[in-house]
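Chemist: First the structure, which I've put down as structure tokens, then a few questions once you've had a look.
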Number of protein chains: 2
Amino acid sequence: MNICIVGNSGHSPQFVKEGQAVSDAVFVGYCQGYDEEDMTILEAAFFECQIHPIRYTDYEVMMEKEKPDILIVDSMFCDHCAYTCDALDRDVFVLCEKPLALSLEDCRKLEEAERKSKATVWAMQTLRYVPWNYLARQLLLQGVAGEIRMIQCQKSYKLGSRARFFNHREKSGGMIPWVAIHGIDMIQYMCPVPFVSVYGLQSNYGNSGNGDMEMTASCLFELENGVIATVNADYFRPQCAATHGDDRVRIVGTEGILEIREDKVFLIREGQKENLPMNATKEEKIPTLFEEFLSRCRGEEGSFLNTEQSLTSTKMALLARDSAERKKILYVERQ
Amino acid sequence: MNICIVGNSGHSPQFVKEGQAVSDAVFVGYCQGYDEEDMTILEAAFFECQIHPIRYTDYEVMMEKEKPDILIVDSMFCDHCAYTCDALDRDVFVLCEKPLALSLEDCRKLEEAERKSKATVWAMQTLRYVPWNYLARQLLLQGVAGEIRMIQCQKSYKLGSRARFFNHREKSGGMIPWVAIHGIDMIQYMCPVPFVSVYGLQSNYGNSGNGDMEMTASCLFELENGVIATVNADYFRPQCAATHGDDRVRIVGTEGILEIREDKVFLIREGQKENLPMNATKEEKIPTLFEEFLSRCRGEEGSFLNTEQSLTSTKMALLARDSAERKKILYVERQ
């Protein structure tokens, strides 16, 4: 499996590291996704893993020369869709940083390209593979909370310093498709009930001169059968905090309430009086996203993620952002 | 100060107890608000406090005979407005269980009655007077979180067994005006920024045969200047839980994030690395709601609550419930 990487604006270095555990994964080439792009963190990951892919100055040349099996797309967010469609046209499998596109129209183009391709695309929905989320999902599948009726997700991030394109809506897509999308993906991961509609609010107040970048956002989703889901996101986590993010999920079911916070799972239900922190270490090994993606490229089934779910997170995030911009409730198109 | 009580469907017993600390508060009479009403808990409070108000079988007779200074209204929720308007017409001060009315039209009637009266009305927004909420508000007033940009409130209650009228929308008003209203009041208590609009969702799924009573609800409020506020409410807290409710408030400001949960205040901001639980015991004594209400009846100023805020909580709760029923974003009427 020959792998190329375009860009280093998101989580591509994580997959270089995860790739070391997969015997047939070979990183053969990489290039910038856009001219100014800082490739330092990716190159540091290559150095750490002692691998030596070729640095190309031109994406086309890289693709022609290397003819990779897999392309990791991690460029400016406005270019995710074009790189992905191009790779799919070449029948190259794509692992793409989320969001997969910045407009619902581009999502349709991507779906069309995927339908025609022998390859496929996954989004980097990395949170599915962390132990506490995995444990929570296993517990929910076992029915510990009964039927799920409400889900609340929180993403609270440090602002830090970000690449300049984050300040431009047309390049970054905004906070909901970048940050809140993780919460949106947790909704469908924890509760596989179709989305019906969304109403969103967002504000860029207090963004310390970061162009049109939002600092707060909230999305209220209706799911089928009256299930309610919310995602709150903010960039106001103080710089001094011990961790970059304060991620939380709270799931209210007919038989119990499960929470994920501080990287632990808490459950309260009849016979379990307290919110007990549960050990996320399971006997069974949790695969990495990259392991599962490579299995999928080899034609294996049964993973934590798939193309449809990757697309759903992006589409719902874009619908929520459009709702926040238009201040209207927006409904999912039924196919 | 002679006090009468009509009904025992909510928190009236609390004020009998709080009244013992006020030297000139005398409970002179009480009666049912409706025929089947169970008065046991109120009578137990009288017994505990060793006071002996007269039990009347007729509200009119009680009001004529006792001519109270104050009426505590705690009947079926659909009758709050009529009892309150009647008392205001008699220039009797009213402490009314929330919500003050079950429709926005009735709110207008109540406002009209209040304008014409020499007396006034407060709602039983009791959560303003608990130490952790008081402490949080003091900290926010001191500016520990900077400018407030987002507020999330949670109300999670045990279902328990409730009076039969809870099962009828036209008598109870629904879950948002009864439960979520506390979160709505916390929004205006913690962040005095006017409400602009609301979108709500609610569901009665899983209500164990309790008529049309909702079990889950979520409200997304826009406040002025792009401040975002949410309230999530549910009746799915397991019966075995240590406390009746799992109340939470999270306030995201430009300078820090403050949380209230498990009856504690947590704050993270520059220079304060961890979410430190803070001691809610202050040197200054926190008054009770009833003490402050009696001060207000005597014409004193400077309390934690007032009539306008009491009405705002009720009106915003009704607007949220109407939004959830109509599945439309509803806007606050500007006066």
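The values are calculated or read from the model by the stated rules, or taken from the named source; none is laboratory data. Everything numeric in this text was worked out from a predicted model, so none of it was measured. When we count neighbours, we look across all protein chains shown, and the Cβ atoms used for this are built from the backbone with ideal geometry, even at glycine. Quick note on the areas: whole protein, heavy atoms, side chains included, nothing else; ligands and nucleic acids left out. Shrake-Rupley method; radii C 1.70, N 1.55, O 1.52, S 1.80 Å.
Chemist: Yes or no: A:Glu325 at pLDDT 95 or above and more than 17 Å from the chain's Cα centre (by Cα)?
Modeler: Spelling it out, A:Glu325 is indeed at pLDDT 95 or above and more than 17 Å from the chain's Cα centre (by Cα).
Chemist: Taking the stated definitions as given, is A:Gly29 among the small types (Gly, Ala, Ser), under 21 Å from A:Thr120 (Cα atoms), assigned to a loop (DSSP other than H, G, I, E, B) and touching a helix residue (DSSP H, G or I) at 6+ places or on another chain (Cβ under 9 Å)?
Modeler: no
Chemist: To continue, here is another question. With closer than 22 Å to B:Arg334 by Cα and either out of contact with any strand residue (DSSP E or B) (no Cβ under 8 Å at 6 or more places or on another chain) or modelled with pLDDT of 95 or more (or both) as the only criterion, which of B:Glu111, B:Glu97, B:Glu66 stands out?
Modeler: Just one listed residue meets the conditions, B:Glu111.
Chemist: If you go through region B:106-137 one residue at a time, how many are open to solvent by 40 Å² or more (accessible area, probe 1.4 Å) and within 21 Å of B:Ile257 (Cβ to Cβ)?
Modeler: Of the residues in that region, 3 qualify.
Chemist: Could you count how many residues in region B:204-248 are crowded, with 24+ Cβ neighbours inside 10 Å, more than 7 Å from chain A (Cβ to nearest Cβ) and of a type in the set (D, E, K, R)?
Modeler: Count: 1.
Chemist: For region B:73-82, indicate whether the set of residues that are open to solvent by less than 20 Å² (accessible area, probe 1.4 Å), touching a residue at least 12 places away in the same chain (Cβ under 8 Å) and under 18 Å from B:Arg296 (Cα atoms) is non-empty.
Modeler: Yes: region B:73-82 contains one or more residues that are open to solvent by less than 20 Å² (accessible area, probe 1.4 Å), touching a residue at least 12 places away in the same chain (Cβ under 8 Å) and under 18 Å from B:Arg296 (Cα atoms).
Chemist: Could you please let me know if B:Ala180 is assigned to a helix (DSSP H, G or I), touching a residue at least 40 places away in the same chain (Cβ under 8 Å) and within 13 Å of chain A (Cβ to nearest Cβ)?
Modeler: yes
Chemist: Could you identify the single residue in A:Ala317, A:Ala229, A:Ala280 that is within 30 Å of B:Leu258 (Cβ to Cβ), modelled with pLDDT under 95, out of contact with any Asp or Glu (no Cβ under 6 Å at 6 or more places or on another chain) and not hydroxyl-bearing (Ser, Thr, Tyr)?
Modeler: Matching residue, one of A:Ala317, A:Ala229, A:Ala280: A:Ala280.
Chemist: Within the set of pairs 6+ apart or on separate chains, which have a first residue in region A:147-172 that is in contact (Cβ under 8 Å) with a residue 24 or more places away in the chain and more than 25 Å from A:Leu220 (Cβ to Cβ), a second that is assigned to a strand (DSSP E or B) and open to solvent by 40 Å² or more (accessible area, probe 1.4 Å), and C-beta atoms under 7 Å apart?
Modeler: From region A:147-172, no pairs qualify.
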